[in-house]
Amino acid sequence: MVQCTSIKVSEGWQQTEVLLVRLGQCIIGLAVLLTIAGCGAQKAEFNNREDINVLIPEAQDHVREVLATHFGQPTRMVLWERMPVHYHGASGVFAENAATAGKTLSKLNVTLTEENLPIEEGQELAWISGKYLGQPNPHVVSFDATASQVGIEPGLAEPPGAGDRFAIAPGEVLIHGRILYAEHCQHCHGVSGDGNGPTAKYLNPRPRDYRLGKFKFKSTSSSAKATRDDLSRIIEEGIPGTYMPSFKLLKEEENRAIVEYVRWLAMRGEVEFKLIQALKNDYSNEAVASQVASARESDSTLSASAAREKVVADLNEYLTGDWQEEFNDDTKFQAEQWVQAEEPSALVIPKLARVPDTPESRAHGRELYLSAKAKCATCHGDSGLGDGSQTLSVQKNPATNADYDTPGLFDDWGNPVKPRNLTRGIYRGGRRPLDLYRRIHAGISGTPMPAFGTVLKDEEIWDIVNYVMNIPFEARDRQPGSGAGTSGAGAPEVATTR
Amino acid sequence: MVWPIAAVVLCWLAPGWNWWFPAGPSGTGAAMSPLGERIDDLFYMILIITTVTFVGTQIGLGYVLFTGARRSDQPEDAEGEKAWFSHGSHNLEVVWSIVPAAVLLFIALYQMEVWAEYRVQDAFPKQVIRTGPLAEVTARQFEWRIRYPGVDAEGNPLELKPDPQPTDLYTVNDLRLPSSQPVMIWLRSEDVQHSFFLPELRVKQDAVPGLVIPVWFEAIKSTEYSMLCAELCGWGHYKMKSRLVATPEDEWRVWLQELQVEQNYDGVSDESNDE
Amino acid sequence: MSTATPTAETSHGHGHHDHAPDKLALLKKIHTFSTDHKVIGVQFLITTMLLLFVGGALALGVRWQLAFPWETMPLFGKLFAQQGGQISPEFYTMLFTMHATVMIFLVIIPVLAGAFGNFLIPLMIGADDMAFPLLNALSYWFMWPAIACFGASFFFAGGPAGGWTSYPVLSAIQEAAPGSGTAQTMWLLGVTFVGVSSMMGSVNYMTTIINMRAPGMTLFRMPLTIWAMFITAILQAFALPVLTAAGFMLLFERTFDFTFFIPGGLVVNNADPTVGGGQPLLWQHLFWFYSHPAVYIMLLPAMGMTSDMLACMSRKPIFGYKPMVYSMAAIAGLGFIVWGHHMFTSGMNPALGMTFMVSTMMIALPSAVKVFNWIGTMWGGRLQFNTVMLNAIAFVSMFIVGGLSGIFMAAVPVDIYIHDTYFIVAHFHYVLFGATLFGVFGAIHFWFPKMFGRTMNEGIGKLHFALTFIGMNGTFFPMHLLGVAGMPRRYADPYLHPYLEHLLPMNQFMTICAILMGFAQILLLVNFFVSIFAGKECGDNPWLANGLEWSAPSPPPHGNFPSVPIVYRGPYEYSNPDQPEGLDYWPQTEPPVPKPVTSPVPAPA
């Protein structure tokens, strides 16, 4: 038997020409096929917060649905107008044109409310409100900035209503942001901005999770959101002492696009977070179970599924009723916060110029640093090594009021944080005096670093700044060659005779 | 044996398709530093020698194959059917040992001077030795942190000290130095090994942890150059994108002064009250 | 080109034997702990051929990312894609690290020294087996812990990500990179096992070649393959301990906090500054002290085998046998003093740069001599353009390219620019793929009949050669240009840098060529395994070659030769006019016919 087959194979095997042609075809075909097949990229999808799983499935569905309606997915984004994101190339409202009756309107007088990208020929003009909403969109053919006039093709048979809103290059900024985000940021910060991309687990500290809407290094007061400029600055300068590198060579417009996308992700995350929080109390698996149990206790005839159905009915009633209003209020408030952060009044600006950096000022700063008023030393340590007593004691989680399992400090994301070692000369939020002033005045959002703006006077803060900025050099003077400098201890002598 | 011809043709056409030295500010791919130009000259010299050798040997190979093929096509009993029986030729061996040896030795010795000038400190340009380093470039995962000396009250740069000073100024991924003069930097690494690479200037030097390595170069033109990392330094190796901005020296001084003002900004003082 | 005389039907006369040996004898023992050198050789061969596919697949992963950055790979892509269909950059680092590791430590070194060294050395020198058969078997089975370690390292966080050179500090500090953790430790253990395996092999080869040659097999009657294996074994025996020591130093540094390579004051992953006084350059010196000779370990045996194939298929003696031997010895000697050319930009003393430049230039010389001699060998020959010959010619042709591009890098100032760019990638792929692998492909076709008593399919062999040759040049030649354009190695996304953006189409072309080349290797595998069962049967000496191995039965039984062979002449007496029967070959074992004393004047024509 074996012999037989072997002979057959043998004969076929030796008819080279036939074999060759077949094999050649197979290989080339396979290669081409695979090349083509490989071009279809796997789609990026947002994933939900982990704590969504505490909700009952019905509530989970609702959360997903709301997010899908208002934010969509990375590849089919929904531009929710309520959120103050620069989605479009430009947007504006139609300002009435003079007598155009009977003619096709091809030049629109407009008032631009936002201009994020230069308006160029060929961009789409999409109506966001008015009678042309949902109609085929015309293209921009000309733009006169001084007259604020946009030429479109094809023209309109009738003028739109005054105040009708439109967007030029709709969504372009966000799309651009998404593409850049995928290239530069995603593998650390994750598709949904959860700071949990594939590379994240190797990094110390962990990449920022945007979904609380909190950013640490900002120029605004302690409770305010970060501004666009703050985010843009971080992208440009990086954060020394972390793995966030500087993306200085991104073009201004690319940088801005990423900022918008990051803000959008943060807003999405916040909405998700709040939704879950809102439903957690009554509609978590646990809560529903206890509701069912208590319902059955009071009425022993009730079956478990019937009791549960009743709770679900309650949920549906809530969702179609009160919830709508609450959601509207919440999201409006949230959007308002982001808008407020951009206003000049939100910025932390010292009223007093920096106190001259004199030994007296530093000595005063040192006093304050150790004092009960500022309590810097309790975390940062007496000599600024970041080894204060608080790092050794068990802290309370401000959100749950329960003790953490391990001693030390934690941030709002649940990651352990170390107070900055001030002897190293590394300042994550920037090394300008102003930056240090802001860190002290407004604290660091999301971390145990409190805001001292109300406790300390301006000159006191400046004294501390003067002292802190001198710590690296002071430390070096004390112990020559150790712990000094941006690049760590034991800076080797330059005289490497090469 | 079409392929050597294809290879040569491709190489010959390549610059035309911009597949050659990075085009850089000149747009032609010419090196943007005097030393770089000499490196390019050496490169072209070797290119010519190797191309000649390459074409020569491949043609030789092709010829040998062609005649060999003819011989094996001849009928068995024809004259000269057998291969040429030879165990080699001593003279030929000597020739083809000595000629390449001479060429190779020539190449090696011819390169020495440029190398010395680039790396041996005693052979550094006088000006560089006089002025000392203008900046310290510290590579870290995954960016370049740059430290400049501060400026004094008259706006002249101070001397750069090995250890950080309170007056020092910092930038990241943005190295700015005077153009049209040899300048020196100190190169060091904060974590792993990196390599400081300026493709348009033909400068490359590893940043070795624990060493401070002086590197000098001269940018001919006042413009922006690419600066990147050329030694595997971790997952973000490719991210170390940065630039060298070469400006005339007086502009550089002005920029340094501006940097000082900016670095000391306290949010209030709008004037040059930068102390 | 026509396939001429030496094929299956030519085995009449010589080597016709009565008993029909079991053609699958070697294959049947492949899963056993056999101490028969031929079985071990076949074990090595088949293992490395399969691993070649692993290494190739990893390379295709690298190429995919370079051609279509951040897009899902075909076939297995969904498995590796992390978020949004992208691979992560540390995955990319692992891809090229493991590609190099698998190819160097598990394919090329074992296929040359392990597979062909084992199979050929006793046969070619007329011995019945290796000097230490048990050691020999162990050297194969020690491959498996290595494969296991390397394989395991894939599954630890990030995989080993320090490049195959594993430069500290990246590879020494656990936090320096994803994969610098356990994966790197596994990697180092793997290297150690491979080292032990090669060491056992090389001791064995040296002893066997020195002590067990058949009567009459003087040193200068040994085929060049044996010379190459001998020199390789010496290289390995002297260089490998250094790598092993360095590997242990790194291992100790990582696991027991020794300080050899980590200097003080480094802040890695924002941890506390390191304490210590190590020097990262030390590793580079130690590593390259092994790894440069390793380049020759990966090349010399292929050179030797190619010489044999060229001589046989040209039906001509090797042109300049002794210069060939001396040049191999010179390569080996000089190979120990050129390691610094890997470190021109590393910051070592510039005076060293100059010395290493001179020695490096000098090592090009023996290579040049060899090339000329190969061409001389073919010169005036009756060339048989079969698969073996084509691969051997490709070896010579590709080696010229690889050798010449080496001169650019040997020149220090030029190396400043092209160091760590794709130029280097092109160079060593021309040497290791272009030269060594073509040599290996040729050798597989050449000695396959000896292993299994059948020939491989000639047509598929030629197709495989053609596709590989085209694919190889299409993939690697443009890399020279990429290098000149300044594209650095090991970049997951070079197009981030504006001056490299325009190189994308070229990279796509190269990737398509690489895919073609990758799939062409399936042909080899199919041809190999089907031919074992269904190839054309051939006698003991299908190529009409002179070597001792061809006087043994195919496949040779345990003990190889029916009786101890006696060697009368060198291995390259092709087309010798003195051959009494007028044949164009004259086996080494054929006793010389006593010359009839005739009148010194030749008969008039």
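What follows draws every value from the coordinates through simple rules; no lab data is involved. Keep in mind that what you see is a predicted model, and the values were worked out from it rather than measured. Using ideal geometry, Cβ is built from the backbone for each residue, glycine included, and neighbour counts are taken over all protein chains shown.
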Number of Lys-Lys pairs in the range B:126-263 under 23 Å by Cα, sequence gap 8 or more or different chains? 7
What list do you get for B:218, A:121, C:71, A:81 if you sort them by fewest beta carbons within 10 Å? A:121, A:81, C:71, B:218
Using every Cα-Cα pair within the range B:126-263, state what percent have a distance larger than 19 Å. 47 percent
Descending semi-axes in Å of the range A:90-170, equivalent ellipsoid built from Cα gyration tensor: 17, 13, 12
Can you tell me the length gained on complete extension of the stretch residue B:95 to residue B:41, counting 0.36 nm per residue apart and subtracting the Cα distance? 16.6 nm
Tell me whether chain A comes out rounded, prolate or oblate; compute the Cα gyration tensor, take square roots of the eigenvalues as a ≥ b ≥ c, and use a/c under 1.5 as the rounded threshold. rounded
Extension gain from residue A:277 to residue A:223, taking 0.36 nm per residue of separation minus the Cα-Cα distance: 17.5 nm
Can you list the DSSP H helices in chain A whose Cα atoms extend at least 30 Å along the helix axis and whose mean Kyte-Doolittle hydropathy is -0.5 or higher? A:16-39
Taking the alpha-carbon distance from residue A:418 and a cut-off under 20 Å, which lysines remain once sequence neighbours fewer than 8 residues away in the same chain are dropped? A:201, A:214, A:216, A:218, A:375, A:396
Expected output is a single nm value to one decimal: the length gained when fully extending between residue A:296 and residue A:418, i.e. 0.36 nm times separation in residues minus the C-alpha distance. What is it? 39.0 nm
Let me check against my output: what whole-number percent is the relative contact order of chain C, with C-alpha pairs under 8 Å and at least 6 apart? 18 percent
Net charge of Cβ neighbours under 14 Å - reference residue A:460; Lys, Arg +1; Asp, Glu -1: +2
In the protein assembly as shown, with Lys and Arg counted as +1 and Asp and Glu as -1 at Cβ, which of these residues, C:399, C:425, B:227, has the Cα nearest the positive end of the dipole, that is, farthest along it? C:399
When a footprinting reagent is the concern and you count Cβ atoms within 10 Å, what order do B:51, C:274 take, fewest first? B:51, C:274
Residues residue B:161 and residue B:258, FRET efficiency given R0 of 25 Å [Cβ-Cβ distance, rounded to 0.05]: 0.70
Treat each spin label as a single point 7 Å out from the Cα along the C-beta direction, and report the residue B:122 to residue B:221 distance in nm. 3.7 nm
Spelling out what I want: for every residue of the range A:208-225, take phi, set θ = phi - 60°, compute 6.51 cos²θ - 1.76 cosθ + 1.60 (Karplus), and round to whole Hz; glycine and proline get x. 4, 8, 6, 6, 8, x, 10, 10, 6, 9, 9, 9, 9, 5, 4, 8, 7, 6
Could you tell me which residue out of A:404, A:240, A:71 lies farthest along the dipole of chain A toward its positive end? Charges go on the beta carbon: Lys and Arg +1, Asp and Glu -1, centred on the Cα centre. A:240
For the protein assembly as shown, size of Cβ-based charge dipole, Lys and Arg +1, Asp and Glu -1, in debye: 3600 debye
Tell me which aspartates and glutamates have Cα within less than 16 Å of residue A:248's Cα, excluding those fewer than 8 residues away on the same chain? A:183, A:229, A:230, A:236, A:237, B:143, B:174, B:224
Can you quote the Å³ per residue value for the convex hull of the Cα atoms in the protein assembly as shown, rounded to an integer? 230 Å³
Arranged from highest to lowest average of other beta-carbon atoms within 10 Å per residue, in what order do the peptides B:162-171, A:433-442, C:57-66, C:530-539 appear? A:433-442, C:57-66, C:530-539, B:162-171
In terms of the charge dipole of the protein assembly as shown, which places +1 on Lys and Arg and -1 on Asp and Glu at the beta carbon, the residue among B:194, B:217, C:281 farthest towards the positive end is C:281
HN-Hα J in Hz across the range B:115-130 - Karplus 6.51, -1.76, 1.60, θ = phi - 60°, x for Gly and Pro: 4, 4, 5, 6, 10, 7, 4, 5, 9, 4, x, 3, 4, 5, 5, 5
Angle between the Cα long axis of helix C:224-256 and the longest principal axis of chain C, 0 to 90 degrees, nearest 10? 20 degrees
Taking a cut-off of 18 Å between Cα atoms, list the aspartates and glutamates near residue C:536, but don't count ones fewer than 8 places away on the same chain. A:11, A:17, C:9, C:22, C:458
Tell me which residues come under 5 Å, amide H to amide H, from residue B:170 once H is placed; ignore anything under 5 positions away on its chain. B:148
Relative exposure of B:49, C:407, A:168, judged by other C-beta atoms within 10 Å (fewest first): B:49, C:407, A:168
If amide H atoms are modeled at 1.01 Å from N in the peptide plane, then the residues at a separation of 5 or more from residue A:106, or on another chain, having amide H under 5 Å from its own are A:156
Phi-derived 3J(HN,Hα) across the range C:147-159 with the Karplus relation (6.51, -1.76, 1.60, θ = phi - 60°), rounded Hz, x for Gly and Pro, is 4, 5, 5, 4, x, 5, 5, 4, 8, 8, 2, x, x
Based solely on its DSSP helices, what 222 nm [θ] is calculated for chain A when runs of n ≥ 4 H residues each add -39,500 (n - 2.57) and the sum is averaged over all residues, nearest 500 deg cm²/dmol? -13500 deg cm²/dmol
Per-residue mean of C-beta atoms belonging to partner chains within 10 Å, peptide C:464-472: 1
Note down the relative contact order for the range A:201-341 as a percent, whole number, built from C-alpha pairs under 8 angstrom at least six residues apart. 24 percent
Given charges at beta-carbon only (K, R positive; D, E negative), |dipole| of chain C in Debye: 580 debye
How big is chain C along each principal axis, measuring the range of its Cα positions in Å and listing the largest first? 90, 48, 44
Taking Cα centroids, how far is the range C:156-189 from the range C:528-546 in Å? 45 Å
With charges set only on the Cβ (+1 for Lys and Arg, -1 for Asp and Glu), what does the dipole of the range A:201-341 come to about its Cα centre, in debye to the nearest 20? 880 debye
Tell me which residues come under 5 Å, amide H to amide H, from residue B:144 once H is placed; ignore anything under 5 positions away on its chain. B:173
Roughly how many whole Å is it from the C-alpha centroid of the range A:386-404 to that of the range C:555-583? 86 Å
